[in-house]
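For reference, the structure discussed in these notes is given below.
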Amino acid sequence: MITSTTGPQPADFTDVRATNLAVVLRFVREHAPCSRADIAASTGLNKATVSSLVADLIDRRLVRETGLTENRVGRPATMLVLDGSPYAAAGIEVNVDYLTAVAVDLSGQRLLSWRRSFPGATATASQAVAAVAALARRAVNRMVKEERQVLGLAIAVPGLIDVDGRVRIAPNLGWHDVDLTGDLTKALRDPGFPVQVDNDANLGALAEHRFGPLGGVDNLLYLTGEVGVGAGVILDGRLRRGGRGYSGEIGHIQIDPAGPVCNCGRTGCLEAVAGIGAVIGKVASGTPGAPVSPAEVEPEIDEVVRLARNGDTATLAALAEIGGNLGKGVAILANVLNPEVVVLGGYYVPLAPWVLPAAQAEVRRRTIAPEAGGCRIVASTLGYGAAALGGAARVLDSVDSGRLPHRT
């Protein structure tokens, strides 16, 4: 008898085991402390398989036992929690005025968090690669000294990043067609762990979804509050990248056809009328499109906050206008995607007390669903390192998906 070899083939045993290991590891991360019986009951895996998988995870030092608990029906159970002490996941954010590096363990505990000034708006792509590589080497060396294996590094960049990790365009950095993944891997001399590149808003959204206080929300948007404005989109618990990885470019939705010229060359983009550059220009000169030096962004924002706290009338009016423009952009996303929450990150965070009310009011006015479709706007609690933290989250997501470290 001739047997056809076309059509679906049986999954390789090692693939099935890797998948099951990832299932158990995710369950422990989300429900620790938990027992082997808890895992079997919730995943549908039989008890013998769970015991074998847990033994493997303990051997890899991904999970550890933490004693017995008697607060349950039947015999006391040995409880399990994440270990991961030999491992670290790293992320770096490239921005127009700074670099941020973050490393975390498997539970999300920060192992390092560094922020360095960086002339991103004037540095060439090769200079940026050198600066990122130097910061990455320092972070990796710190982890090595702590006897941790780096599982991966993900770089956040404000621009269009394709599925291969190539930066197609990053207007505020002046980059076009930069193979950042390849160039950085070469600069790090094949580091022994995967290097990935992603859009900063995408990674900010991953950070909020995994580590933020709204981690249980499965329909979430994250807006970067930097010189540029991008959106990371999580729907039904998954990051949505679009066909070529270019989703979320809310900053270049036209809000005011007669508005100022944007960095992309168009007029009246959301970024031009509600981005951080617009905030500084509006307060400093009364002109939303007034140029601002990247080196001056943070001290300028500090000054805007000081004026707002002191009740300066012009500043409060400018922030209300910025918030209204921001709300117009959010309303478009709310009508199309119906998120439960929109998180404002970056420099929007210190401005939130004055920007949020106007933004939320504009969303209520412009959203067709009753009560803005359930969408609310909040400020991030993750600080300026959200995108870098999201880079580390992306590395941990790959572990959750089955790319587990080998025994050491």
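The values are calculated or read from the model by the stated rules, or taken from the named source; none is laboratory data. Remember, it's a predicted structure, so these values are computed and weren't measured experimentally. Cβ sites come from the backbone with ideal geometry, for glycine too, and all protein chains shown count toward neighbours.
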Worksheet item: Hey, does segment 104-125 have a residue that's modelled with pLDDT under 95, assigned to a loop (DSSP other than H, G, I, E, B) and among the charged types (D, E, K, R)?
Response: yes
Practice prompt. Mind counting the residues in segment 117-144 that are of a type in the set (A, V, I, L, M) and over 17 Å from Val167 (Cβ atoms)?
Written response: 6
Worksheet item: Tell me, which residue of segment 376-408 that is part of a strand (DSSP E or B) and among the hydrophobic types (A, V, I, L, M, F, W, C) is surrounded by the most Cβ atoms within 10 Å (Cβ to Cβ)?
Response: Ile377
Worksheet, complete the sentence: With criteria (1) under 28 Å from Leu99 (Cβ atoms); (2) in contact with a helix residue (DSSP H, G or I) (Cβ under 8 Å, 6 or more places away or on another chain), Pro213 comes up short on (2)
Practice prompt. Among the residues of segment 166-201, write down those that are farther than 20 Å from Arg394 by Cα, among the charged types (D, E, K, R) and surrounded by 24 or more Cβ atoms within 10 Å (Cβ to Cβ).
Written response: none
Fill in: Selection count where residues are modelled with pLDDT of 85 or more and closer than 19 Å to Leu333 by Cβ, scope segment 260-275
10
Response to the item:
Given (1) modelled with pLDDT under 85; (2) more than 21 Å from Leu344 (Cα to Cα); (3) surrounded by 15 or more Cβ atoms within 10 Å (Cβ to Cβ), Pro288 misses just (2)
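Looking only at segment 227-246, decide whether some residue is in contact (Cβ under 8 Å) with a residue 24 or more places away in the chain and among the acidic types (Asp, Glu).
no
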Response to the item:
Restricting segment 149-165 to residues that are of a type outside the set (A, V, I, L, M, F, W, C) and not in a loop (DSSP other than H, G, I, E, B), the one surrounded by the most Cβ atoms within 10 Å (Cβ to Cβ) turns out to be Gly152
Worksheet item: Which is modelled with pLDDT of 90 or more, assigned to a helix (DSSP H, G or I) and in contact with a Leu (Cβ under 8 Å, 6 or more places away or on another chain), of Ala101, Ala128?
Response: Ala128
